[in-house]
Amino acid sequence: MTDNPILEIDNLSVAYETGRSAVKNVSASIVRNAITAIMGPSGCGKSTLLRAVNRMHELYPSIKTTGDIRLDGESIFSMPVIELRRRIGMVFQRPNPFPNMTIYENVVAGYTLNDIRLKKTQRDDIVEKALHSVTLWDEVKDSLFRKGTFLSGGQQQRLCIARAIAFNPEILLLDEPTSALDPVATAKVEDLLGELKKEYTLLLVTHNMSQAARISDDSMFMYLGELVESGKTETLFTNPHDQRTEAYLTGKFG
Amino acid sequence: MGGDRITRGVLFGSSLIIVLLSGGIILSLTGGAIPAFKEFGLRFIFSTQWDPTAGKESYGAMAFIAGTVITSLLALIICIPMAFSASLFISEYFKGTRGADILRGLVDLLAGIPSIVYGFWGFYALRPLIISTGLSDQGFGIFTASLVLAIMIVPYATSISSEIIAMVPVELKEAAYSMGATRREVIFNVVIPSARSGIMASFILALGRALGETMAVTMLIGNANIIPKGLFSPGNTMASVIANQFGEASGLKMSALIATGLLLFAITAIVNALGKIVIKRFA
Amino acid sequence: MTKEIFLNENIRQRNRKNKRFRWLVIAGSVITIIPIFLIVANLAVKGVRQINISFFTETAPDTFQAMIATSNGEIIPGGIANGLMGSLLMVIIASLMSIPVGMMTGIYIYENSTSRYASFVRSISEILQGVPSIILGIIAYLWIVKGVTRGYSAFAGSVALTIMMLPLIIRSTEETMKMIPLPIREAAFALGVPYYKMIIKVLIPCSFSGLATGILLALSRILGETAPLMLTALGSPAISLDIAKPVSAVPLLIWDFYNDPNMVNLVWSASLFLMIFVLSLNLLSRSLAAKHKYI
């Protein structure tokens with residue numbers, strides 16, 4: 001797609017048990033400082049693909065992966081998983097701030113979890129900057145040392161995004177980050193993603209076509225584990241090459 | 001529909017039996033304890049003297065209260081790393097595997113072995129081992145009793161702890177993993193803090209078990225009516241003194257033993273209630 | 001700024017700590033279950049010698065017989081028949097008293113789960129379950145030994161065991177009833193079935209294996225109980241089926257043998273038998289419970 005992709009997925013297959021592949025021979029390139037949306041009906045393997053990118057599937061030993069993913073030309077399977085996950089952050093479907101930590105502690109959780117000791121001033125900086133980036137600072141600056149559980153769903157999700165970017169990753173994986181949110185909160189998060197792509201590369205899984213159309217630069221359409229079509233979002237939506245893509249976009253299934 | 005009313009009446013009557021039974025237990029214990037408390041007042045609780053010599057009888061339960069608390073707490077301390085490892089094995093590291101099922105089954109079996117078998121095994125198998133370490137001449141005492149007690153309460157602590165650990169949401173663990181945390185770091189930063197009160201409750205309830213254990217402790221603690229002076233000193237617990245002396249007791253001594261039972265009842269009830277409260281707050 | 005911190009940070013050390021902790025957990029788990037193997041092996045090796053037909057058919061020997069046999073290097077004559085009969089007698093009486101009352105109370109709590117009285121009864125039952133068994137021995141002594149049978153008796157032992165069984169039966173009844181789908185009860189009611197018939201013909205059969213599990217588990221718990229029986233049934237050298245007289249029980253025999261240096265060999269056998277019996281009941285109830293879950 002471009003000459004300098006940040007992430008290259010090369011003939012990747014992911015199987016849950018023997019014989020049942022969730023992702024089949026997918027190859028794709030992800031463009032730097034852009035939002036790439038992965039779309040498709042539920043069960044098409046889009047979340048599985050996303051989770052393979054920071055090797056989350058290794059938590060479940062029955063999942064087998066073949067093929068390769070390269071981050072800046074280097075295979076992610078040959079780097080320490082700790083380093084990989086530090087460079088690739090993740091935001092989940094349902095907001096999941098740590099209930100035992102305060103808002104402040106949640107933002108710096110990446111550092112605490114990785115046993116990285118910081119000076120208080122450094123921590124304060126990181127927290128303020130990250131919360132500003134997700135436009136949450138003004139809302140929570142007076143309750144930084146309270147547990148994050150009183151926040152609304154949208155605020156919690158923005159807190160989770162702050163937690164991911166506080167760690168300064170290169171890529172942010174987002175697994176249907178707005179599917180548990182109301183329309184107002186969704187709009188806020190979408191605006192935020194548009195801002196974040198200036199600094200980060202965003203890979204977004206969504207089952208919501210209009211969301212993909214609204215905010216993504218590039219799109220990938222997956223169906224039954226296969227990558228059917230990918231390209232500029234505009235092209236994909238206005239002039240799909242594959243019948244299945246067209247059928248999905250016009251609401252024939254999904 | 002008159003028949004239905006009779007059925008309901010019978011069911012209600014059964015439930016009333018439970019209420020009356022429990023009320024009766026408290027009344028009988030209290031009634032039986034009155035002579036001892038009348039004679040010695042609060043001294044019965046705080047005195048360590050237990051002298052059945054006719055004419056200058058004097059009874060105080062402090063030595064047994066101390067013995068009970070010390071053995072139970074020591075057992076709890078020994079039990080914690082074991083139950084904790086087993087819980088993490090079952091509900092974290094090997095969750096859902098055959099290995100976890102087997103371990104859970106074996107730990108449950110520990111709860112099935114009768115107390116007297118533990119006591120006997122402790123006497124003939126464990127005691128010589130402790131003597132051979134040179135730490136104790138007789139092999140009896142606080143430590144031996146606590147060690148066996150710890151093995152006995154492990155299954156109670158493990159079953160609740162492992163259930164609670166299994167309930168920690170996957171999303172929270174994945175969030176931590178996605179930031180590069182290792183499994184150990186996820187356990188200490190996410191799993192344990194999330195399951196904290198449940199784990200605590202499981203240990204409180206295990207403590208409640210330890211407090212009332214009778215036979216194994218009676219056979220291993222050495223039965224001396226003194227406040228234990230060290231890990232290998234003999235002692236007596238409230239339960240073991242009742243088991244040992246109730247048979248030949250009468251009069252004031254009988255009342256003192258019943259009063260000891262009443263204290264034991266109160267302590268276990270408080271500890272168990274505390275555990276239940278902690279667990280309810282968690283759920 | 002952050003990149004620098006990353007570089008300073010030692011991934012290898014963290015991975016090592018991670019591995020070490022995993023092995024610690026595995027080691028701790030293995031240590032936890034070692035006692036069960038040690039106990040089983042110990043009892044099996046030392047106890048199996050004495051187990052033969054007469055072990056089950058004859059009453060306990062006296063200390064002289066045992067002493068002579070031991071000094072001649074023979075196995076101790078006699079067995080645990082008096083204990084077996086006593087245990088059987090007391091467990092049957094305790095079951096007859098506790099199972100109906102416990103089941104009816106459990107059904108009452110389940111049927112009135114919203115009422116405050118029912119949850120009060122449930123709490124009381126929970127407290128009862130936590131009461132140390134030796135205290136129930138004191139209670140049965142005060143009520144039955146002193147009040148009814150005027151002396152140590154099988155009945156007093158049964159009462160202590162009854163109080164131990166009740167909360168277990170109540171709880172398992174309530175838990176199993178909760179698993180019966182509501183439509184089944186409603187269907188029975190819709191047919192105009194009288195309440196007691198619904199209980200006998202619908203609730204109890206539907207929850208049969210759950211109830212059986214609870215009862216077996218309760219039995220496995222009381223069969224090994226010693227402390228309350230020391231204060232109530234006392235023990236008896238002969239087989240007795242008179243509920244107003246003292247009787248022996250297998251755990252009481254173990255206690256007697258334990259206190260008699262000549263009888264040590266017999267304790268191993270009696271302990272082995274008691275453990276196998278109790279663990280089998282325990283396993284049986286659990287395999288029943290596992291089956292029940294998949295229905």
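Derivation of every value follows stated rules applied to the coordinates shown; laboratory data play no part. The model shown is predicted, which means the values in this text are computed figures rather than measured ones. When we count neighbours, we look across all protein chains shown, and the Cβ atoms used for this are built from the backbone with ideal geometry, even at glycine.
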Inset, instruction - Any chance you could check the Cα centroid distance between the range C:191-210 and the range B:195-263 for me, in angstrom? - result: 44
Inset, instruction - Compute the whole-percent fraction of alpha carbon pairs in the range B:197-274 spaced more than 14 Å apart. - result: 66
Inset, instruction - Using the charge dipole of chain A (Lys, Arg: +1 at Cβ; Asp, Glu: -1 at Cβ; taken about the Cα centre), state which of A:Leu71, A:Ser133, A:Val23 has its Cα farthest towards the positive end. - result: A:Ser133
Inset, instruction - Find the centroid of the Cα atoms in the range C:25-56 and in the range C:242-277, then give the distance between the two in whole Å. - result: 18
Inset, instruction - Can you tell me the dipole magnitude for chain C around its Cα centre, using point charges on the Cβ only (Lys, Arg +1; Asp, Glu -1), in Debye to the nearest 20? - result: 1460
Inset, instruction - Could you list, in their original order, any pairs among B:Lys95/C:Lys19; A:Lys129/C:Lys19; A:Lys64/C:Lys19; A:Lys64/B:Lys95; A:Lys198/A:Lys252 whose Cα atoms are separated by more than 26 Å? - result: A:Lys129/C:Lys19; A:Lys198/A:Lys252
Inset, instruction - Could you tell me which of the pairs A:Lys24/A:Lys46; A:Lys147/A:Lys188; A:Lys120/A:Lys141 are separated by over 18 angstrom between their Cα atoms in the structure shown? - result: A:Lys147/A:Lys188
Legend entry - Partner aspartates and glutamates for B:Lys173 [C-alpha distance under 12 Å; skip if fewer than 8 residues away on the same chain]: B:Glu92, B:Glu185
Legend entry - Neighbourhood charge, 12 Å Cβ-Cβ cut-off, centred on A:Gly225 and excluding it, Lys, Arg +1 and Asp, Glu -1: +2
Inset, instruction - Among C:Ser71, B:Ile199, A:Ala34, pick out the residue whose Cα is farthest towards the positive end of the charge dipole of the protein assembly as shown, where Lys and Arg carry +1 and Asp and Glu carry -1 on C-beta, about the Cα centre. - result: C:Ser71
Inset, instruction - Run the quick spin-label model on A:His241 and A:Asn208: label points 7 Å from Cα toward the beta carbon, then report their separation in nm to one decimal. - result: 3.0
Inset, instruction - Of the DSSP beta bridges with both residues in chain A, give the percent that are antiparallel, rounding to the nearest 5. - result: 60
Inset, instruction - In debye, nearest 20, what is the charge dipole magnitude of the range A:7-249 about its Cα centre with +1 on Lys and Arg Cβ and -1 on Asp and Glu Cβ, if you could check? - result: 660
Inset, instruction - Express in nm, to one decimal, how much length is gained between B:Leu274 and B:Leu129 on full extension, taking 0.36 nm for each residue of separation and deducting their alpha carbon distance. - result: 48.5 nm
Inset, instruction - Could you give the size of the charge dipole of the range B:58-282 about its Cα centre, using +1 on the Cβ of each K and R and -1 on the Cβ of each D and E, expressed in debye and rounded to the nearest 20? - result: 240
Legend entry - Positive-end residue, the range C:146-187 charge dipole about Cα centroid, Cβ charges, pick of C:Ile180, C:Leu166, C:Tyr152: C:Tyr152
Inset, instruction - Output the Cα-based Rg and Dmax of the protein assembly as shown in Å, rounding Rg to one decimal and Dmax to a whole number. - result: 33.1, 108
Inset, instruction - Could you work out how far apart the two model spin labels at B:Thr53 and C:Leu96 are, taking each label as a point 7 Å from the Cα in the direction of the beta carbon, and quote it in nm? - result: 5.0
Legend entry - 13 Å beta-carbon shell around A:His132, net charge (K/R +1, D/E -1): -4
Inset, instruction - Please grab the % of Cα pairs in the range A:112-254 that end up more than 26 Å from each other. - result: 35
Inset, instruction - At a Cα cut-off below 27 Å, give the lysines reachable from B:Lys56, other chains included and same-chain residues fewer than 8 away excluded. - result: B:Lys38, B:Lys229, B:Lys253, C:Lys146
Legend entry - Nitroxide proxy distance, nm - points 7 Å out along Cα→Cβ at B:Lys38 and C:Asn10: 7.2
Legend entry - Relative exposure of B:Lys38, B:Lys95, A:Lys197, judged by other C-beta atoms within 10 Å (fewest first): B:Lys38, B:Lys95, A:Lys197
Legend entry - Under 18 Å from the Cα of C:Lys178 - aspartates and glutamates, other chains or at least 8 residues apart: C:Glu111, C:Glu126, C:Glu186
